[in-house]
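Below you'll find the structure, written out as structure tokens, and then a few comments.
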Amino acid sequence: MHNKEHKYEKILVIIWIPVGAIVCYLLTIYTGLGSVLSAGITGVLGSFLPYIKKQTFYFKKLPSAVYCGAFVGMSSVKIMPTIGFIVFGGIFASIFYLLSKNLFLGYGGRLGTIALVGVVVTVLISCILE
């Protein structure tokens, strides 16, 4: 479940988590497709990013980050009412994604769990600040 050697994700990769969250959220809100279909479209779009530059290691890491952001963007409008909440949820998910490089290796649901933590932290902070 956990490796003893710590590896951290590159900082530039985690920028794509809020991007995926925003894309999924906007697709859900403005097209009426629903959160599941919007997350699927976001994931498919993210899967094409490595084809921009096939030789670089950086672009090969982007699809999972975009898809993790799509899970953040799937949040209900009742929980995350504005795009600002989505951005902060993506930022908190990015931090956890960066730090959890070697956690939950071989287990399913890692990206969804990271997105859940980002959303929960955002909602808790907004409740504290109210």
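The values are calculated or read from the model by the stated rules, or taken from the named source; none is laboratory data. Model, not experiment: these values are computed from the prediction. Don't worry about glycine lacking a Cβ; one is built from the backbone with ideal geometry, like all the others, and counts go over all protein chains shown. Note: areas computed on protein heavy atoms with side chains; ligands, DNA, RNA excluded. Shrake-Rupley method; radii C 1.70, N 1.55, O 1.52, S 1.80 Å.
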Out of the residues in segment 109-122 that are in contact (Cβ under 8 Å) with a residue 40 or more places away in the chain and more than 15 Å from Val66 (Cβ to Cβ), which is surrounded by the fewest Cβ atoms within 10 Å (Cβ to Cβ)?
Leu116
Considering segment 37-70, residues that are modelled with pLDDT under 95 and among the β-branched types (Val, Ile, Thr), and then whichever is least open to solvent (accessible area, probe 1.4 Å), we arrive at Thr56
Tell me yes or no: at least one residue of segment 14-36 is more than 15 Å from the chain's Cα centre (by Cα), modelled with pLDDT under 95 and of a type in the set (Gly, Ala, Ser).
yes
Checking Ile125 against (1) assigned to a helix (DSSP H, G or I); (2) in contact with a helix residue (DSSP H, G or I) (Cβ under 8 Å, 6 or more places away or on another chain); (3) open to solvent by less than 50 Å² (accessible area, probe 1.4 Å), the condition it does not meet
(3)
Candidates Gly73, Gly106, Gly89 - the one that is open to solvent by 80 Å² or more (accessible area, probe 1.4 Å) and small (Gly, Ala, Ser):
Gly106
Using the structure shown, decide if Gly34 is surrounded by fewer than 17 Cβ atoms within 10 Å (Cβ to Cβ) and over 14 Å from Ile14 (Cβ atoms).
yes
Hey, does segment 46-65 have a residue that's of a type in the set (A, V, I, L, M), over 28 Å from Glu130 (Cα atoms), free of Cβ contacts under 8 Å to residues at least 40 places away in the same chain and assigned to a helix (DSSP H, G or I)?
yes
